[in-house]
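Structure first, commentary second.
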Amino acid sequence: MLDLVLSLSLAASQAGAPMDQVAGLWATGDNGGRVQVEPCDRNEALLCGALVDAQLLQSEPEARDANNPDPALRGRPLRGVRVIDGFERGEDGEWTPGRLYDPEEGREISRGHVKMLEEDRLEVRGCVAFICRTQVWERVEDGA
């Protein structure tokens, strides 16, 4: 499914990608995962992303966040769970230091970044201790 212990890198320019370039629907490359990236609660300064599709959701549309370490959250619908939360645009062009959440593992990663590589490629990176993982996501065109 989603292995969100990763790195989200957006390097379209030295100044960094503004919200309107980063926002959109992204294919994670893992098990049909798709994440809608947009401002957090309409705050253009913060970047968030919610899970909108995954292989599990295709077979079980009402799947729950069963692996969440917080028992109180295990009953919430998996569709719509924030997997990217609270990233701020930095001077170096990366969105950091937000949190990533891997619903498959039920793990929150508190050290990550997002960076634009090209117009349609986004790098997502997450680190736990000294172990880091990076994924490159591809933009999904409307209707695709």
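Tabulated values for the structure
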item	result
Test for residue 72: is it loosely packed, with under 15 Cβ neighbours inside 10 Å, in contact (Cβ under 8 Å) with a residue 12 or more places away in the chain and either farther than 20 Å from residue 126 by Cβ or of a type in the set (D, E, K, R) (or both)	no
Search result, residues across the stretch 39-48 that are in contact with a helix residue (DSSP H, G or I) (Cβ under 8 Å, 6 or more places away or on another chain) and crowded, with 19+ Cβ neighbours inside 10 Å	47
Residue within the stretch 18-29 that is surrounded by fewer than 17 Cβ atoms within 10 Å (Cβ to Cβ), at pLDDT below 85, in a loop (DSSP other than H, G, I, E, B) and not acidic (Asp, Glu) present	yes
Odd one out for residue 101 among (1) more than 10 Å from the chain's Cα centre (by Cα); (2) under 28 Å from residue 64 (Cα atoms); (3) of a type in the set (Phe, Trp, Tyr)	(1)
Tally of residues being surrounded by fewer than 23 Cβ atoms within 10 Å (Cβ to Cβ) and under 25 Å from residue 69 (Cα atoms) across the stretch 104-119	8
Candidate set: the stretch 47-75, residues that are part of a strand (DSSP E or B) and out of contact with any Lys or Arg (no Cβ under 6 Å at 6 or more places or on another chain); chosen: the one nearest to residue 21 (Cα to Cα)	47
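To keep it simple, each residue is scored yes or no on (1) hydrophobic (A, V, I, L, M, F, W, C); (2) within 18 Å of residue 25 (Cβ to Cβ).
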residue: 39; (1), (2): no, yes
residue: 52; (1), (2): yes, yes
residue: 76; (1), (2): no, no
residue: 85; (1), (2): no, yes
residue: 89; (1), (2): no, no
residue: 106; (1), (2): no, no
residue: 113; (1), (2): no, no
residue: 119; (1), (2): no, yes
residue: 130; (1), (2): yes, no
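The values are calculated or read from the model by the stated rules, or taken from the named source; none is laboratory data. What you are looking at is a predicted structure, and each value in this text was computed from that prediction instead of being measured. When we count neighbours, we look across all protein chains shown, and the Cβ atoms used for this are built from the backbone with ideal geometry, even at glycine.
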